[in-house]
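Right, one structure below, let's go through it.
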Amino acid sequence: MKRSTKVSKRKIVYTAGALALFSATVLTGCGSSGGGQNGQVIVYNWGEYIDPDTVKMFEEETGIEVVYDEFETNEIMYPKVESGAASYDVVCPSDYMISKMIENDLLAEINFDNIPNARANIGAQYFEQSKGFDPENKYSIPYCWGTVGILYNKTMVEEPITSWAQLWDEKYADNILMQDSVRDAFMVAQKLNGYSMNTVDPAELETAKNALIEQKPLVQAYVIDQVRDKMIGGEAAIGVIYSGEAIYTQRENPDLEYVIPEEGTNVWIDSWVILKDAPNKENAEKFIDFMCRGDIAVKNFDYITYSTPNDAARELIEDEAIRNSEIAFPDLSKYNNLETYSYLGEDGDALYNELWKEIKAY
């Protein structure tokens, strides 16, 4: 996914067989008529963000037909949902976009009595983090999550990396990779200076902008997916990356290490929501409850590689190293100044974008 904050959600290793199965068992788009013996549920999700087998299993167990549509960014998804151009039941937006959808009265309150697996299996710390965009946990159920941190090559740096400040160290000039993303780049500078990553204070944003301009001559490249490939190939010493991709890079290059900097970072969460005007609300609840089952959630984790907030699923992960990974499943209580992105409003977004243009043009 490419939001204004995070890269494209993609499974690191695709298999042609899995994709073929998905195409064969799931209807893409919302133009289908009819339905299974118990009707339909219309789902709008990120591309490659669910194991096709789990959708097939849901259809077989419930007799409910899944009509499935995909989006590439939150910004593509939102206007389609807001305009009512398509009648979706279940959507999987990111944290800050959920905040915007709540603000604009697009979401139905979750009836947790009808989704018991959510309360039973989703870890309390993830609901706690969700309060940053859904203050009362009334509208969303966490599906996938992760952190943003620093990936470094232990053979190319002179000391352990612990701080965002080390991305400004001149000895790593032309060996630093930054995210080519407005909010992610600003988050690094904001945390470095002790600010909230959701600040709209002009003075704080000016300080962050100046810090990024100061850093720019040291940066090899502003990248998205390429940070993963460059770090695996030893083309850079240090870079900003998402935790889900860091796990993959370590498999490919054992010299790579991932850390959450001491100043804090972004904890991102993508969550299931039900639209206020959902045509199949009861089936939407059944779909989300099914996806919150431990055995189903672990299949989705294995398929898409991003961390699951489902504690029951984590217990089922066969690879002990992954099950106990501090990258995949860090204890968030051990870290300070963790935040999720909030929707900043049109004026806030415009301010960030204008400052980002100044940085890129410098």
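Worth a mention:
- Entries of Lys191/Lys334; Lys171/Lys230; Lys154/Lys216; Lys154/Lys191; Lys56/Lys100; Lys230/Lys357 with Cα pairs more than 27 Å apart: Lys56/Lys100
- All-pairs Cα distance distribution in the range 272-324, expressed in whole percent, bin size 5 Å: 4, 20, 26, 17, 12, 12, 5, 3, 1
- For Ser163 and Gln37, a Förster radius of 56 Å and the Cβ-Cβ distance give a FRET efficiency of 0.45, rounded to the nearest 0.05.
- With only Cα atoms counted, the chain has Rg and Dmax values of 20.4, 65 Å.
- Pairs of Cα atoms nearer than 8 Å and 6+ residues apart set the relative contact order; for the range 180-245 it is 26 percent.
- Whole-number percent relative contact order across the chain, with pairs defined as alpha carbons under 8 Å at least 6 apart: 25
- Per-residue 3J(HN,Hα) values for the range 79-87, derived from phi via the Karplus relation 6.51 cos²θ - 1.76 cosθ + 1.60 with θ = phi - 60°, read x, 5, 6, 4, 6, x, 4, 9, 9 Hz in sequence order (x marks Gly and Pro).
- Computed over the chain, the per-residue total of -39500 (n - 2.57) for DSSP H runs of n ≥ 4 gives a 222 nm mean residue ellipticity of -11500 deg cm²/dmol, rounded to 500.
- For Lys286, the aspartates and glutamates whose Cα comes closer than 16 Å to its Cα, not counting residues fewer than 8 places off in the same chain, are Glu59, Glu60, Glu61, Glu65, Asp89, Glu109, Asp113, Asp295.
- Carbon plus sulfur fraction of accessible area for the chain, probe 1.4 Å, in percent: 45
- Note on Asp53 and Met156: the model spin-label points, each 7 Å out from Cα along the C-beta direction, lie 3.6 nm apart.
- Taking every C-alpha pair closer than 8 Å and separated by at least 6 residues, the mean separation divided by the residue count of the range 79-217 gives a relative contact order of 15 percent.
- Over the range 56-193, accessible surface divided per residue gives 36 Å², non-protein components excluded, 1.4 Å probe.
- Each pair of Cα atoms in the range 185-280 enters the Kirkwood radius, and Stokes-Einstein at 20 °C and 1.002 mPa s then converts it into a translational diffusion coefficient of 135 µm²/s.
- Each label was represented as a point 7 Å from its Cα along the Cα-to-Cβ direction; for Ile213 and Lys138 these points are 4.3 nm apart.
- Pairs of alpha carbons in the range 133-217 separated by more than 18 Å make up 52% of all such pairs.
- Length gained when the stretch Ile76-Asn104 is fully extended (0.36 nm per residue, less Cα-Cα span): 8.4 nm
- Close amide H partners of Gly47, meaning residues 5 or more places away or on another chain with modelled amide H under 5 Å apart, are Phe71.
- 3J(HN,Hα) along the range 283-300, derived from phi through the Karplus expression 6.51 cos²θ - 1.76 cosθ + 1.60 where θ = phi - 60°, amounts to 6, 4, 5, 5, 5, 5, 4, 4, 5, 8, 5, x, 5, 7, 5, 5, 5, 5 Hz, with x in place of Gly and Pro.
- Whether the range 238-362 is rounded, prolate or oblate, judged on the alpha carbon gyration tensor where a/c under 1.5 counts as rounded: oblate
The values are calculated or read from the model by the stated rules, or taken from the named source; none is laboratory data. Everything numeric in this text was worked out from a predicted model, so none of it was measured. Glycine gets a Cβ as well: all are built from the backbone with ideal geometry, and neighbour counts include every protein chain shown. Keep in mind that these areas ignore ligands, DNA and RNA; they rest on the heavy atoms of the full protein, side chains included. Shrake-Rupley method; radii C 1.70, N 1.55, O 1.52, S 1.80 Å.
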